[in-house]
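Undergrad: The structure's right below; bear with me while I get my questions together.
The values are calculated or read from the model by the stated rules, or taken from the named source; none is laboratory data. Since the structure is predicted, the reported quantities are computational estimates derived from the model, not experimental observations. Cβ placement follows ideal geometry from the backbone for every residue including glycine, while neighbour counts extend to all protein chains displayed. The accessibility values were calculated without ligands, DNA or RNA, using every heavy atom of the protein model including side chains. Shrake-Rupley method; radii C 1.70, N 1.55, O 1.52, S 1.80 Å.
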Amino acid sequence: MNALLNAFPMDPDTPQASGLLGQFREMLLETSGIRIAEHKESLVRHRLAKRVSATGCEGLNTYLRNILHNEDWSHERQVAIDMMTTNTTYFFRETTHYDFLAGAIVPDLAATAGRGFPFKVNIWSAAASEGAEAYTAAMVMAELKTLHPAMEYAILGTDLSPRMVEIANAGIYRAAQAEKIPDYLRKKYLLKGRNEDEGRVRFDKLIRSRTRFVQMNLMDTTYPVPPEVDVAFLRNVLIYFGAKDQQAVVSRVISKIKPGGYLLVGHAESMIVEHPDVIQILPSIFRKYGNAPSDS
């Protein structure tokens, strides 16, 4: 551990003494909702080490002063925030949600529309990271369209990190990342890279045409998302927020869901959701009042 902490040069005045790390943690909490305890400041130092070197700063203090107080460093400030996000995700994570999408949500919407009548499903991946969640939903929906030809669907992914949004929009991943995708779906929807892209895969044009990704901060007071969402994935991100911010984010996401639509959270986050407009119908699955059967 000591080797990690000393992997880059430090200014004579340590970040702990100068309070700059504390200021950085406060900025991070205010702008992104991410809460890092004081005893984890060594983690912050380690994650920022590469950026100290890449920007040519003589030490961490100089780097922190610039991103905190120099507006010319606003882009680097966003990079530093990005370095603090976890971005841990994979395809078909928490598969029960996709089973519910395929086995309950879409059939119910099809039945409501009427046999053979067109209907559209809008899905929002609210903490999309590098896109695995959204692309998993896109594959599920593509398969469902063979059963419901009149169905249209669109998937929006949003994430705090511009870097994650760029990766997601490209739809290119290491082949190893796609190993959790069932074989028949990989063969159907993924293209293998050649030459310099060997060892990587890319989602085909059909899947990419149904998905789009934009940068958005869940801590913003308003979201640039139309209130037409049928299914909102808000999974494994609430745990990084404080209690007050958790409820504010939940409320803002729910405001974008149609009456009768669904909110899906991480399996460890069910107890966090407390909102008068939704009812829990299964662990980690909530339905917004409106067209839900329980409303009658």
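Undergrad: Could you give me the ³J(HN,Hα) list for region 55-61, computed from phi with Karplus coefficients 6.51, -1.76, 1.60 and θ = phi - 60°, whole Hz, x at Gly and Pro?
TA: With the stated coefficients, region 55-61 comes to 8, x, 6, 6, x, 5, 4 Hz.
Undergrad: Same structure again: If you place +1 on the Cβ of every Lys and Arg and -1 on the Cβ of every Asp and Glu, how big does the dipole about the Cα centre of region 190-265 come out, in debye to the nearest 20? Let's see the in-between values first.
TA: Numbers: 13 positive and 8 negative charges, 39 e Å.
Result for region 190-265 is approximately 180 debye, rounded to the nearest 20.
Undergrad: Another question, then. What shape does region 121-215 have by the C-alpha gyration tensor, where a ≥ b ≥ c are the square roots of the eigenvalues, rounded means a/c under 1.5, and otherwise prolate means a/b greater than b/c and oblate the rest? Kindly include the intermediate steps, with their values, before the conclusion.
TA: Working: a/c = 2.04, a/b = 1.11, b/c = 1.84.
Judged from the Cα gyration tensor, region 121-215 comes out oblate (a/c at least 1.5, b/c at or above a/b).
Undergrad: Using θ = phi - 60° and the Karplus relation 6.51 cos²θ - 1.76 cosθ + 1.60, list the HN-Hα couplings for region 33-47 in order, rounded to whole Hz, with x at every Gly or Pro.
TA: Ordered by residue, 3J(HN,Hα) equals x, 6, 10, 10, 5, 4, 6, 9, 5, 5, 5, 4, 4, 5, 5 Hz.
Undergrad: State the percent of C-alpha pairs, over all pairs in region 176-296, separated by a distance greater than 25 angstrom.
TA: Numbers: 2993 of 7260 pairs.
That tail contains 41 percent of the Cα-Cα pairs.
Undergrad: Let me ask something else. Obtain the radius of gyration and the Kirkwood radius of region 233-278 from its C-alpha atoms and give Rg over Rh. Present the calculation step by step, with values, prior to reporting the outcome.
TA: Working: Rg = 9.9 Å, Rh = 10.7 Å.
The Rg/Rh ratio comes out at 0.92.
Undergrad: Exceeding 23 Å between C-alpha atoms, which entries from my cross-link table qualify? They are Lys120/Lys288; Lys120/Lys244; Lys145/Lys187.
TA: Values: Lys120/Lys288 18 Å; Lys120/Lys244 34 Å; Lys145/Lys187 18 Å.
Cα-Cα > 23 Å for Lys120/Lys244; rest within.
Undergrad: Remind me, relative contact order of region 104-239 in percent, using alpha carbon pairs under 8 angstrom and six or more residues apart? Provide the component values of the computation, followed by the final result.
TA: Working: 199 pairs, mean separation 43.9, N = 136.
Reported relative contact order: 32 percent.
Undergrad: Something else now. Which of these, Val229, Val44, Val121, has the largest mean-square fluctuation under a Gaussian network model of the chain (Cα springs below 10 Å)?
TA: Taking springs between Cα atoms under 10 Å, the residue moving most is Val44.
Undergrad: Taking amide H positions as placed 1.01 Å from N in the peptide plane, with prolines and chain starts having none, which residues 5 or more places from Ala232, or on another chain, fall under 5 Å of its amide H?
TA: Trp124, Tyr262, Leu263, Leu264
Undergrad: So for region 232-296, averaging the separation of alpha carbon pairs under 8 Å that are six or more residues apart and normalising by length, what relative contact order in percent results?
TA: Values: 88 pairs, mean separation 22.7, N = 65.
Computed value for region 232-296: 35 percent relative contact order.
Undergrad: Something else now. Once amide H atoms are built 1.01 Å from N in the peptide plane, which residues 5 or more positions from Tyr153, or in another chain, come under 5 Å H to H?
TA: Long-range HN contacts for Tyr153: Val121.
Undergrad: Any idea what log10 I(q)/I(0) is at q = 0.13, 0.14, 0.16 Å⁻¹ for the chain, Debye with uniform C-alpha scatterers and no solvent?
TA: So the normalised log intensities are -0.96, -1.07, -1.26.
Undergrad: While we're here: Contact order normalised by length for the chain, with contacts defined as Cα pairs under 8 Å and 6 or more residues apart; what percent is it?
TA: Here the relative contact order equals 15 percent.
Undergrad: Next question, about the same structure. Could you report the accessible area of Thr221 in Å², rounded to 10, computed with a 1.4 Å probe on the protein chains as they sit in the structure?
TA: Rounded to the nearest 10, the figure is 120 Å².
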